[in-house]
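Note sheet for the following structure.
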Amino acid sequence: MTHEPPAHSRVAPGRLGRRASALAAALLIALPSGAFAREGVDVGPPSMMSKLVSADQVEAAARQQYAAMLQEASSKHAVAPPNHPQVVRLRTIAQRLIPFAEDWNPRAREWRWEVNVIGSRQINAFCMPGGKIAFFLGILEQLKLTDDEVAIIMGHEMAHALREHAREQMGKTAATRGAIELGAAIFGLGNGGRMVAGLGGQLLTLRFGRADETEADLVGIELAARAGYDPRAGVSLWNKMAAANRRGGNLEFLSTHPSGPTRISGIQAALPQVMPLYERAPKPPRRFDAALQGDEAPPRRSSGR
Ligand SMILES: [Zn+2]
């Protein structure tokens, strides 16, 4: 029996060498503005509302809640062990996506990413602030997800964390709660921490607005593309979700992520921005589709794609 170390311990933080940064500085001076239009999707700057509560406090609340969720699941023997095939698969995929996370949020360099699989038939997955990822077995098995589709969901959920959508929501809630508490939250004084803990009570079941969902879709397909996973799987994924919904099922995910033509057409419209990234990206040396896509897949496959 092999024991894989957790994904975060195997991911080296990226470093820009001194020469590279000197070169970048020289280029910044040499090139006219506009020459640095970023390749990939464009989602604009992060929301100012997220600045109203401290990222440290939000991430601390998420850490606590994630640990509590794991503990609860563990007491029911519902946390998949590190050598579980789906855990190995998800951690392999996460390792390919994580190096591109810091482009979206420099804090991600310090995050201790965790990826776990919960033995529940619920169709659900999330990434809490600070990089705490969980997939429920239901979403993997009932939707018979391909590796590309797993990468799309993971990228989408990571995007919520990287773009600090939970922090933004807490900021909005805090903004409605009067200046004294708000001041405490901004300066980290008095009961600010407790307030964030209170606001964070629902981190596991947070529902984001449509703008945040669109943002997560776009950032998610870009993360997947850069990691060598086909961003077109965004379309097949949401079609599968919609089909599963029509069949009726335990679609926790769809209650927070309505699937519809708008979402799919938004992804389709962004594909030209990310397909070149995908085409250039090194592809995953190891794929798990055949073995883990579900009972319709043949048990064994001769060519590893
Ligand atoms: Zn979402």
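Each reported figure results from applying straightforward, stated rules to the coordinates on display, with no laboratory input. Note that the coordinates shown come from a computational prediction; the quantities given were computed from them, not determined experimentally. All Cβ positions, even for glycine, are placed from backbone atoms using ideal geometry, and neighbour counts span all protein chains on display.
Could you compute the net charge surrounding Ala159? Neighbours are other residues with a C-beta less than 15 Å from the C-beta of Ala159; K and R count +1, D and E count -1.
-4
Could you sort the peptides 257-267, 229-239 by per-residue average Cβ neighbour count (10 Å cutoff), highest mean leading?
So the peptides 257-267, 229-239, ranked by packing, come out 229-239, 257-267.
Would you list which aspartates and glutamates come within 15 Å of Lys172, measuring only between C-alpha atoms, while excluding same-chain residues fewer than 8 positions from it?
List returned: Glu164, Glu181, Asp212.
Show which lysines lie in cross-link reach of Lys240 when reach means a straight Cα distance below 19 angstrom and same-chain residues fewer than eight apart are skipped.
Lys144
Under a straight-distance cross-link criterion of Cα-Cα below 14 Å, which aspartates and glutamates are reachable from Lys283, leaving out those fewer than 8 residues away in the same chain?
Cα-Cα hits under 14 Å: Asp147, Asp148, Asp230.
Just to check I understand the Karplus step: with θ = phi - 60° and J = 6.51 cos²θ - 1.76 cosθ + 1.60, what whole-Hz values come out for region 48-53, glycine and proline as x?
Result, ordered by residue: 5, 4, 5, 6, 6, 10 Hz.
Apply the Karplus parameterisation 6.51 cos²θ - 1.76 cosθ + 1.60, with θ equal to phi minus 60°, to every residue of region 86-100 and state each ³J(HN,Hα) to the nearest whole Hz, in sequence, with x for glycine and proline.
6, 5, 4, 4, 5, 5, 5, 5, 4, 4, 7, 7, 4, x, 8
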